[in-house]
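Trainee: Can you keep this structure in mind? I'll have questions shortly.
The values are calculated or read from the model by the stated rules, or taken from the named source; none is laboratory data. Since the structure is predicted, the reported quantities are computational estimates derived from the model, not experimental observations. Neighbour counts run over all protein chains shown; Cβ positions are idealised from the backbone, glycine included. Note: areas computed on protein heavy atoms with side chains; ligands, DNA, RNA excluded. Shrake-Rupley method; radii C 1.70, N 1.55, O 1.52, S 1.80 Å.
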Amino acid sequence: MDVKFHLEKKNKPTSDNGMKVLYGMEKRGAYRFRWYLILAIILSPIFFMIYTFAKQHLFTVAPGIITTGPVIITASQNGSVKLIDVKDSEFVLEDQLLMELDAPILEQEIAFIENELEQLYQEQTQKITEDFGPYISAIGAAKLNLKKITKIKVNYDQYAKEGKVSQVDYAAIVGIYNTAQNNLTNAYIALNQAEIAQKQRLLAGGVAQVTRELNQALTTKKNQLDALSIRAPYMGLVIDINALKGQQISIGDPLVTVSPDVAPYVISYLDPKHIEKAKLGALVTVKLPNGKKVEARVSSAIGLTSKLPIQLAKPFEGAKALLKVKITFLGGLLEKEWVEGMPVEVYFY
């Protein structure tokens, strides 16, 4: 047997002991929305995993960066920043001065070597003025003697023609004449040998060897000094200035980053299993961080790499071989749409 209770409250819900009671509107909608929100938050990781899994199997997506192939100019010498002649985002010409470094120690070394070379040069100059007087005197005496003998021989030649002198006497004077000529020749040879010996001493002696070493060191130091003037390797844009005026820098420290004046392109890192989709000229879609999609094409497959750029690397991700693909935009990008090293996604078809 069913028992039913008929309460007065059920029949008159808005009345209590004869008095009318006003109730607010129902709030079941707000509770329902909150419940859906909690449910969505709980299920969002599952939806994200499903999306990631489906994306990997439905699309061929590879990470990439927009770049122009900038170069980072590093310090070749220790020193300090003396002058910065450019600003960030400034357009520069090839060989334009960007920065000057100061290396007082290097300048002191150059001054010291130049001073040493000057002293050695003065010493060599003094040695070059070696006394060749005896050799020159010997040549003068030989010339004078030959001149006298020549006059006598001329007379004897005439006497011989006239038959006034014997053959023995004529032969004697000819022998004396020949001896005088040999003496003059020997005097010249002695002077020449003395000069050659002096040059050999200057070229092969200890002073000469030290001079060559100092000249070699001076050339190296001056090249190092020239390297303190940092110049643009090509026409382009200054992306970043990595040093401050007065800052102490060491060899290898980055100074200025310069981007060449070329259209931006994308370097994408594709799994090698999708190599057939990276054929030369293949069309792709580049998705920018703001969601905009830009049409592009594969311009070249550079090769394999095992290291991702910093902006694309994930924590605890092991190194693996990836296909490095260069991609160029079909319509180009606006200057405000990209920055150097900006990460993008590349969709291969």
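Trainee: Which residue is surrounded by the fewest Cβ atoms within 10 Å (Cβ to Cβ), if the candidates are limited to the range 293-349 and must be modelled with pLDDT of 80 or more and more than 24 Å from Pro260 (Cα to Cα)?
Mentor: Filtering the range 293-349 for residues that are modelled with pLDDT of 80 or more and more than 24 Å from Pro260 (Cα to Cα), the one surrounded by the fewest Cβ atoms within 10 Å (Cβ to Cβ) comes out as Tyr349.
Trainee: Under 9 Å between Cβ atoms, which residue pairs at least 6 apart in sequence (or on different chains) link something in the range 32-44 that is free of Cβ contacts under 8 Å to residues at least 12 places away in the same chain with a partner that is assigned to a helix (DSSP H, G or I) and open to solvent by 100 Å² or more (accessible area, probe 1.4 Å)?
Mentor: Between residues of the range 32-44 that are free of Cβ contacts under 8 Å to residues at least 12 places away in the same chain and residues that are assigned to a helix (DSSP H, G or I) and open to solvent by 100 Å² or more (accessible area, probe 1.4 Å), the close pairs are Ala40/Phe47.
Trainee: For a quick check of your reading of the model, give me the residue pairs whose first member lies in the range 140-160 and is free of Cβ contacts under 8 Å to residues at least 12 places away in the same chain, whose second is assigned to a helix (DSSP H, G or I), with beta-carbon atoms closer than 7 Å and at least 6 apart or on different chains.
Mentor: Between residues of the range 140-160 that are free of Cβ contacts under 8 Å to residues at least 12 places away in the same chain and residues that are assigned to a helix (DSSP H, G or I), the close pairs are Ala160/Tyr170.
Trainee: While we're on this one: Do you know which of the residues in the range 130-142 that are in a helix (DSSP H, G or I) and surrounded by 14 or more Cβ atoms within 10 Å (Cβ to Cβ) is farthest from the chain's Cα centre (by Cα)?
Mentor: Only one residue fits best here, namely Ala142.
Trainee: Here is a check on your reading of the model: is Lys199 over 30 Å from Leu144 (Cβ atoms) and either surrounded by fewer than 17 Cβ atoms within 10 Å (Cβ to Cβ) or aliphatic (A, V, I, L, M) (or both)?
Mentor: Numbers: over 30 Å from Leu144 (Cβ atoms): no; either surrounded by fewer than 17 Cβ atoms within 10 Å (Cβ to Cβ) or aliphatic (A, V, I, L, M) (or both): yes.
No, not satisfied.
Trainee: Among the residues of the range 137-178, write down those that are hydrophobic (A, V, I, L, M, F, W, C) and farther than 30 Å from Asn192 by Cβ.
Mentor: Taking the range 137-178 and keeping what is hydrophobic (A, V, I, L, M, F, W, C), we get 138-139, 141-142, 144, 146, 149, 152, 154, 160, 165, 168, 171-174, 176.
Within the range 137-178, Ala160, Val165, Val168, Ala171, Ala172 qualify.
Trainee: What number of residues within the range 69-98 are within 16 Å of the chain's Cα centre (by Cα) and open to solvent by less than 60 Å² (accessible area, probe 1.4 Å)?
Mentor: Residues meeting the conditions: 10.
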